[in-house]
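This report refers to the structure that appears directly beneath it.
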Amino acid sequence: MVKIGIIGGSGLENPKILKDAKEKEVTTKFGKPSSALTIGKIGKVEVVILSRHGKKHQIHPGAVNSRANIMALKEQGCTHIIASSACGSLRENIAPGDFVIVDQFIDRTNGRQSTFYDQDHVAHIPMAEPFCPELRKALYESAKELKLKAHEKGTVITIQGPRFSTKAESKMFRQWGGDVINMSTVPECVLAREAGLCYAVVCMSTDFDCWHESEESVDIQMVLKTFKKNAENVVNLFIKTIPKIKDNPECRCRTDIKGAIIS
């Protein structure tokens, strides 16, 4: 049976959206997740919502306990995770307000706990295709039905943060093939794969980072203004997508971990 975890959650905790909504405080062997879980239903589907940076956005990107977040959703019985993330655009054709259903990442984080298997066992989890193709397809189809401007694929570069990039870094990331840039997708998506969960993220472009010579360089007020303006679209996209998600125990997202652990 499908049960959906949502990470990001802006606007989705609204009791008018969730049927039978309730909050639940949990802890895991990796510590407490970033927020209490909001549990309820969208349509007939059970969902569990978690705020990545805390309910008051008090946790900076490098301090997010992604292991506790993913494990908390796993222990609640989630089979899939859909996440939202603000991002900067590294491409002319990805304008502020656009959605990108990314299919690849480049990891520029450091010091983050990126595996559940740091004692007794080692897991060499495959990451050639880091995001669930079935979830990505459902999200993109829903975006088209809602007439949202969405890009079917793209490469997200996840930086450590909390600072934004220098202009030199931003130009370098473009040369590397990055399409958007954020501070949150890694190691979240890696841990979801280790946990045997299907995972996809919707990156919402809020700015042109700082590479664009004719645009104002990014600051937090710019990010918040665009994100707030488009938050309703994120909510509508998730509501539209969730009923389409099918249970597929044979999906590689669910099975890769079985052959990845070395005792």
Taking the stated definitions as given, is residue 84 buried (at least 20 other Cβ atoms within 10 Å of the Cβ), in contact with a strand residue (DSSP E or B) (Cβ under 9 Å, 6 or more places away or on another chain) and of a type outside the set (A, V, I, L, M)? yes
Just to check your reading of the model, which residue among 5, 43, 77 is under 25 Å from residue 230 (Cβ atoms), more than 18 Å from the chain's Cα centre (by Cα) and in contact (Cβ under 8 Å) with a residue 60 or more places away in the chain? 43
Selection from region 239-258 of residues outside any helix (DSSP H, G or I) and among the β-branched types (Val, Ile, Thr) yields 245
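Looking at the structure I just gave you, is residue 170 of a type in the set (Ser, Thr, Tyr), outside any loop (DSSP other than H, G, I, E, B) and under 15 Å from residue 205 (Cβ atoms)?
When the stated conditions are applied, residue 170 passes them.
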Report the residue count in region 193-223 for those that are in a helix (DSSP H, G or I) and at pLDDT 70 or above. 3
So if I check each of 103, 98, which one is under 19 Å from residue 256 (Cβ atoms) and of a type in the set (Asp, Glu)? 103
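Filter region 86-105 down to residues that are of a type in the set (Val, Ile, Thr) and under 12 Å from the mean Cα position of the chain (by Cα) and give me whichever is nearest to residue 159 (Cα to Cα). Spell out the reasoning first.
Residues of region 86-105 of a type in the set (Val, Ile, Thr): 94, 100-102.
Applying the additional criterion that residues be under 12 Å from the mean Cα position of the chain (by Cα) yields 100-102.
Details: 100: 17, 101: 18, 102: 16 Å.
My answer is 102.
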Since residue 165 meets every condition but one in (1) under 25 Å from residue 209 (Cα atoms); (2) of a type outside the set (A, V, I, L, M, F, W, C); (3) in a helix (DSSP H, G or I); (4) over 17 Å from the mean Cα position of the chain (by Cα), which condition does it not meet? (3)
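The values are calculated or read from the model by the stated rules, or taken from the named source; none is laboratory data. Everything numeric in this text was worked out from a predicted model, so none of it was measured. Neighbour counts are summed over all protein chains in view; Cβ atoms, including those assigned to glycine, are modelled from backbone coordinates with ideal geometry.
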